[in-house]
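Below: the structure, in C-alpha cells.
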Amino acid sequence: MSSGFGMCAAWGPERTFFYNEAYIPFLAERHPQALGRPIDQVWVDVWSDIEPLVDRAMAGETVHLENLRLVMTRNGCEEDTYWTFSYSPLRDGDRIIGFLDVAVETTELVAAQERDRVNAERVQLALGAGAIIGTWFWDLPLDSFTVDAAFAHSFGLDPALGQTGIPLEQVIATVHPDDRDDLLAAIGDVIARSGAYAHQCRVRRNDGRYYWIEANGRVHHDPDGTPAAFPAY
C-alpha cells in the first residue's frame with residue numbers, strides 16, 4: 001500500500017487525534033472511528049513503537065525518521081509497513097499542547113529496493129558461476145554502451161572500450177553475419193515498445209570461433225515516451 005503525504009495531529013491532555021483526507025488510507029478500517037479518539041487508542045498495535053517518538057515531540061523536539069518499520073494490523077492481518085514522517089510540536093505560547101505528524105507510507109518503495117538488492121545479488125552470483133554473459137548499460141539517446149569485462153569477453157571486445165562507452169555498431173561487430181538482421185530487428189522492437197528483451201545469436205570471440213549466447217534485458221522509456229536506457233545481461 002502506498003499513498004501521498006498525509007497529516008494528523010494530536011493535542012490536549014487526551015492527545016485527541018485528528019487527520020486530513022490524505023491520511024485516511026493509512027488508517028484503513030480504523031477510519032472513521034479514529035477521528036477524535038486518543039491517539040494511543042487509535043494506534044494500539046504500534047503504540048509501543050511510536051510512544052517514545054510522541055513523547056519526544058511533546059517534550060519539544062522535532063522528530064524525523066525515514067522508512068521506519070511498523071508491524072501493523074490492517075485489513076484483518078498483520079503487515080510489515082514502512083513510514084517516513086516528521087513529528088513537530090504544537091505550541092500555545094510557551095506551552096506544548098500537541099504535535100503535528102506529516103507522513104508518507106514507503107512500504108512499496110522499501111519492497112522495490114529490496115527486490116532490486118536481491119536481483120543484483122542474483123546477477124553477481126550468476127556472473128560468478130558463468131551462467132550469464134555479462135552486463136551492459138546502453139544509454140539510448142547517446143548510443144553509448146558501458147559493459148563489464150565478462151560481457152566484453154563474451155562479445156570478443158577489448159574490455160577497456162566498454163569502460164568509456166561505445167556505439168551499438170561496434171558492440172555487434174562480432175555477431176555472425178547471418179544473425180545480425182534478426183538481432184537488429186529484435187532490438188528495434190523492444191526499443192519501440194519498451195519492456196523485457198531476450199534474444200539469442202552467435203558471437204565471435206577472441207579465439208575466432210562463434211558461440212551461441214542469449215542476452216536478456218529491459219528497455220526503459222522516459223515519461224514522455226522517449227526511449228532512455230537499456231540495461232541487460
Restricting the range 159-180 to residues that are among the polar types (S, T, N, Q) and assigned to a helix (DSSP H, G or I), which is farthest from TYR211 (Cα to Cα)?
-> GLN163
What are the residues in the range 41-68 that are open to solvent by 50 Å² or more (accessible area, probe 1.4 Å), closer than 20 Å to SER86 by Cβ and without any contact (Cβ under 8 Å) to a residue 40 or more places away in the chain, if any?
-> ASP49, GLU51, PRO52, ASP55, ARG56, ALA59, GLU61, THR62, HIS64, LEU65
Could you check, for the range 21-30, whether at least one of its residues is over 30 Å from the mean Cα position of the chain (by Cα), on the phi < 0 side of the Ramachandran plot and not hydrophobic (A, V, I, L, M, F, W, C)?
-> no
Taking interchain pairs and intrachain pairs at least six residues apart, which have beta carbon atoms under 8 angstrom, with the first residue in the range 160-174 and free of Cβ contacts under 8 Å to residues at least 60 places away in the same chain and the second basic (Lys, Arg)?
-> ILE172/ARG180; THR174/ARG204; THR174/ARG205
So ALA34 clears everything in (1) in a helix (DSSP H, G or I); (2) without any contact (Cβ under 8 Å) to a residue 40 or more places away in the chain; (3) among the hydrophobic types (A, V, I, L, M, F, W, C); (4) under 20 Å from VAL71 (Cα atoms) except one condition, right? Which one?
-> (1)
Within the range 105-124, can one find any residue that is crowded, with 16+ Cβ neighbours inside 10 Å and either among the acidic types (Asp, Glu) or at pLDDT 95 or above (or both)?
-> yes
Within the range 31-40, considering residues that are open to solvent by 30 Å² or more (accessible area, probe 1.4 Å) and closer than 15 Å to MET72 by Cβ, the one farthest from the chain's Cα centre (by Cα) = ASP40
Residues of the range 125-139 being at pLDDT 90 or above and either open to solvent by less than 40 Å² (accessible area, probe 1.4 Å) or within 30 Å of ALA59 (Cβ to Cβ) (or both), which ones?
-> TRP138
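The values are calculated or read from the model by the stated rules, or taken from the named source; none is laboratory data. All values reported here derive from a predicted model rather than from experimental measurement. Cβ coordinates were reconstructed from backbone atoms using ideal geometry, including for glycine residues, and neighbour counts include every protein chain displayed. Only protein heavy atoms, including side chains, enter the accessible area calculation; ligands, DNA and RNA are left aside. Shrake-Rupley method; radii C 1.70, N 1.55, O 1.52, S 1.80 Å.
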